[in-house]
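*Asks:* Here it is, the structure in full.
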Amino acid sequence: MLERALRKNSVKVTFVLPADTPPAEVSVVGDFNDWRPGVHSVAPRKDGNRAVTVELPKGGTHSFRYLAAGDHWFNDDTADGQDGPNSLIHT
């Protein structure tokens, strides 16, 4: 699930996953972090989900995927679209 908060020249995007799906460490990787795992790892929230917030430039389109332990890649069903194997988010 994606949550967004608009700012003047950027958008804060929060990537949200259930606490146990998948039951392993998960990173959001994409063109905004050079596809580097661990830069944006999801962390537990008080509501029981896991999340990480990333600030992205306003007016762009970004490719991303989730990467879990064991080289398990997966997409976000709530993303704005798909580009090949990647999810897309429009800011």
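The values are calculated or read from the model by the stated rules, or taken from the named source; none is laboratory data. Note that the coordinates shown come from a computational prediction; the quantities given were computed from them, not determined experimentally. Every residue, glycine as well, gets a Cβ built from its backbone with ideal geometry; the counts of neighbours run over all protein chains shown. Just so you know, the surface numbers come from the protein's heavy atoms only, side chains and all, with ligands and any DNA or RNA stripped out. Shrake-Rupley method; radii C 1.70, N 1.55, O 1.52, S 1.80 Å.
*Asks:* Is it true that Ser10 is at negative phi and open to solvent by less than 20 Å² (accessible area, probe 1.4 Å)?
*Replies:* Yes; evaluated as a whole, the condition is true for this residue.
*Asks:* Assess whether Asp77 counts as being open to solvent by 80 Å² or more (accessible area, probe 1.4 Å) and either among the aliphatic types (A, V, I, L, M) or under 13 Å from Met1 (Cα atoms) (or both).
*Replies:* So Asp77 fits the description; yes.
*Asks:* Okay, next question. Cβ-Cβ distance below 8 Å, separation of 6 or more or different chains: which pairs start in the stretch 8-30 with a residue that is part of a strand (DSSP E or B) and end on one that is open to solvent by less than 10 Å² (accessible area, probe 1.4 Å) and hydroxyl-bearing (Ser, Thr, Tyr)?
*Replies:* From the stretch 8-30, the pairs are Phe15/Tyr66; Leu17/Tyr66; Val26/Tyr66; Ser27/Tyr66; Val28/Tyr66; Val29/Tyr66.
*Asks:* For Gly48, are the conditions met, namely being in contact with a strand residue (DSSP E or B) (Cβ under 7 Å, 6 or more places away or on another chain), outside any strand (DSSP E or B), over 26 Å from Asn9 (Cβ atoms) and of a type in the set (Gly, Ala, Ser)?
*Replies:* So Gly48 fails the test.
*Asks:* Which residues, counting only those in the stretch 33-91, are free of Cβ contacts under 8 Å to residues at least 12 places away in the same chain, farther than 16 Å from Pro23 by Cβ and touching a Lys or Arg at 6+ places or on another chain (Cβ under 9 Å)?
*Replies:* Trp35
*Asks:* Please go through the stretch 32-48 and pick out each residue that is open to solvent by less than 70 Å² (accessible area, probe 1.4 Å) and within 13 Å of the chain's Cα centre (by Cα).
*Replies:* Phe32, Asn33, Gly38, Val39, His40, Ser41, Val42, Ala43
*Asks:* Which numbered condition trips up Leu56, out of (1) on the phi < 0 side of the Ramachandran plot; (2) of a type outside the set (Phe, Trp, Tyr); (3) assigned to a loop (DSSP other than H, G, I, E, B)?
*Replies:* (3)
*Asks:* Just to be sure, is Val29 open to solvent by less than 60 Å² (accessible area, probe 1.4 Å), within 12 Å of Val16 (Cα to Cα) and at pLDDT 95 or above?
*Replies:* no
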